[in-house]
Ligand code: ARG
C-alpha cells in the first residue's frame, strides 16, 4: 500500500499506485512496477498486468484500460505497450514454473470429504466416482494454495454393526474367530445378517441394542468392531492407492466422543424436540408445508448417520477451522445434506450456504442406460473395472506398438497400460456433467480419437517427441530464447493463458468438467498449430519449440490436476 501523500520521492511506488485500484478490482495482488533494463524502454515497466488477462478479460481491453489510467496521470509523460504481452507471460511461466499461474482463492483451508465407503458393505462404482471427483477437487484446490484436509468419512459406526456383530457372536462361539475373516466373507455375512434383521423381530431388537452397546463402549463389541474395520480397511487402501489418491481416514466413529456435547448445544438452543420417541430437529423447507425432521437421537437411544454428520460438521468448523467443507457423495443424498446444512444454519453455525457444498453426482449406468451391474452381482466391483481398463489398454498398446515398431520393456508396458487405462476411466467420469447419470462405456473411453484421455495422452506424447527430436537443450532455450507469436501460434498462446481462469472456475463451481474441456480445447488448438506451423528446421524453430514446451507443461499440469499420469512414449 502506498501512503496517501508519499513525499519520499519513491517514484516506483507512485507509479504502482496508479494501477492499484484497477488491479485490486480484479485480483488481490499488489501491482509490481520495476525500472526498465534499458532507457530505450522508458523509466518504469508494469510487470504483472498479465495477471489481469488471466482473469477472463481480453488482453486488448486490459491494455486500453491501462493506457487510459496512465494518460490521465500528470506524472506520466508518455507510455507504450510492449507488444509481447502474451509472450512475456509464457516466457515467465517457462522460466519460473507453472506455479506462477496458480489462481488465488479467498479460502485458505478446506475439508474435502470423499470416497467414504461403508465397512462390510460392498464398495460400488459410486464410490469410484466420489474418489475420482473428490481427488481432482482436492488437487485443484491444493494447486490454488488452499490447505486441503482430505477426509475419508468411512461408514464405520452405523446400524450395520449391531447386525453384523450379533450375527458373528451367534455364528462363532469364540469372537476371536471374527478376526480371521476375509472381506468377501464379511460381505456375505453382512447380507445374511441383513436378511435376518428384516425378517426376525427378535434379531432386529438385539441388533439395535448391539449398536448402542458398541456406541457406549462395551469392550467385547469394540474388539470385534475394530477387527471388522481393519479387514475392510485393507481393501479400501488398495483401491485408493491404486488410483494414486491420498486421503486420511476419519470415519464416523471418530466423532463419537464429540456427540454428547454437540447434542447438548443443540438442546440448549431449544432446537431438539421429541417426536415419536426420537429426538429430532424440525426444519422448514421452502415449498413444503410440514417441517422435515432430522433425527439426532433414535428412539432406542442410538446415534445415526445424521448425528455423526452434524457432529463432524461442528468439528470441521470449530476444531479444524475449515473455511470451506466439500462433501463428494451421490445425488441420492441431496436431501440428507440439505437438511444437515439447514440444521447447522438454524444452530447458527453457518451464516449462509456458501461454506458447505455438497458435490452430488449421478449414478453409473451401463452402455445400455441401465444400472451398471454384472450378471451375477448387484454392483460392478471397483477392482474388476480397473482391471478391465488396464487389460484393454495393454492389448491396444501392444497392437499399436507392432504397427509403429515401438519397443516396450514389460515394466514400461505395464506402467503405461495402467496410466492409460486408469486415466481413461477417470477422464470419462470427470468430463461429464457430474450431476447427470453417467454411462460407463469402456469401448468409448479407450478410443484414441475424440474427447478421451487416450487421445489427450497421445497428443502430449507427440509434443514431447517433437521436442526430443529437435535435440535442443530446452533449459538453455528457456533462458535465451524469445517467443514470437503469429496467427495460430498466438491463438495457442492465448489459450495457454486461459489456464488459470479455467482452474479457478473449476474450483469455485466445483466442476472438474471445466478443466477437461479446457484441456481438450488446448489439444485442438495445438493440433491446428502443428498442422499449420512446421517446428523443426523452420526459421522460427526456437520460438515454436518454446511454445510446444509451454503446451506440454500446461497439459501435464491438467493431467496432474485430473489425477492422470502422463506418458511420454506411445
Ligand atoms: N458412507 C456414505 C456412503 O457410502 C458416504 C459418506 C459421505 N460423507 C458424509 N460426510 N456423509 O454413501
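The values are calculated or read from the model by the stated rules, or taken from the named source; none is laboratory data. The structure displayed is predicted, hence computed values, not measured ones. All Cβ positions, glycine included, derive from the backbone under ideal geometry; neighbour counts span all protein chains shown.
Key figures
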{"quantity": "Unmet criterion (only one of (1) modelled with pLDDT of 95 or more; (2) buried (at least 20 other Cβ atoms within 10 Å of the Cβ); (3) touching a helix residue (DSSP H, G or I) at 6+ places or on another chain (Cβ under 9 Å)) for residue 138", "calculated": "(3)"}
{"quantity": "The lone exception for residue 110 - which of (1) at pLDDT 95 or above; (2) outside any helix (DSSP H, G or I); (3) within 13 Å of the ligand (Cβ to nearest atom) it fails", "calculated": "(3)"}
{"quantity": "Residue in the stretch 450-457 that is on the phi < 0 side of the Ramachandran plot, buried (at least 17 other Cβ atoms within 10 Å of the Cβ) and free of Cβ contacts under 8 Å to residues at least 60 places away in the same chain present", "calculated": "yes"}
{"quantity": "Residue 316, sole failed condition from (1) surrounded by 16 or more Cβ atoms within 10 Å (Cβ to Cβ); (2) within 24 Å of residue 160 (Cα to Cα)", "calculated": "(2)"}
{"quantity": "Filtered residues of the stretch 379-413 (kept if under 20 Å from residue 117 (Cβ atoms) and in contact (Cβ under 8 Å) with a residue 60 or more places away in the chain)", "calculated": "379, 380, 381, 382, 383, 385, 386"}
{"quantity": "Test for residue 222: is it touching a helix residue (DSSP H, G or I) at 6+ places or on another chain (Cβ under 6 Å), assigned by TED's automatic domain parsing to the domain that holds residue 324 and without any contact (Cβ under 8 Å) to a residue 40 or more places away in the chain", "calculated": "no"}
{"quantity": "Residue check, residue 196 away from the ligand (no atom under 16 Å from the Cβ) and crowded, with 16+ Cβ neighbours inside 10 Å", "calculated": "yes"}
{"quantity": "Residue within the stretch 376-395 that is part of a helix (DSSP H, G or I), within 18 Å of residue 568 (Cβ to Cβ) and modelled with pLDDT of 80 or more present", "calculated": "yes"}
{"quantity": "Of all residues in the stretch 316-336 being within 16 Å of residue 305 (Cα to Cα) and in a loop (DSSP other than H, G, I, E, B), the one that is farthest from the ligand (Cβ to nearest atom)", "calculated": "330"}
{"quantity": "Residues (away from the ligand (no atom under 15 Å from the Cβ), buried (at least 17 other Cβ atoms within 10 Å of the Cβ) and either within 24 Å of the chain's Cα centre (by Cα) or not in a helix (DSSP H, G or I) (or both)) located in the stretch 230-263", "calculated": "243, 245"}
{"quantity": "Members of the stretch 155-174 that are away from the ligand (no atom under 16 Å from the Cβ) and either under 20 Å from residue 252 (Cβ atoms) or assigned to a helix (DSSP H, G or I) (or both)", "calculated": "162, 163, 165, 166, 167, 168, 169, 170, 171"}
{"quantity": "Count - residues of the stretch 114-151 that are more than 9 Å from the ligand (Cβ to nearest atom), in contact with a strand residue (DSSP E or B) (Cβ under 7 Å, 6 or more places away or on another chain) and within 14 Å of residue 245 (Cβ to Cβ)", "calculated": "8"}
{"quantity": "Of the criteria (1) buried (at least 18 other Cβ atoms within 10 Å of the Cβ); (2) more than 13 Å from the ligand (Cβ to nearest atom), which one residue 354 fails", "calculated": "(1)"}
{"quantity": "Filter result for the condition that a residue is crowded, with 19+ Cβ neighbours inside 10 Å, in the same structural domain as residue 449 (by TED's automatic domain parsing), closer than 23 Å to residue 431 by Cβ and in contact with a strand residue (DSSP E or B) (Cβ under 8 Å, 6 or more places away or on another chain), over 492, 497, 522, 510", "calculated": "510"}
{"quantity": "Scope the stretch 288-311; condition away from the ligand (no atom under 14 Å from the Cβ) and either touching a residue at least 40 places away in the same chain (Cβ under 8 Å) or part of a loop (DSSP other than H, G, I, E, B) (or both); matching residues", "calculated": "288, 289, 290, 291, 292, 298, 299, 300, 301, 302"}
{"quantity": "Any hit, the stretch 86-101, residues being modelled with pLDDT of 85 or more and part of a loop (DSSP other than H, G, I, E, B)", "calculated": "yes"}
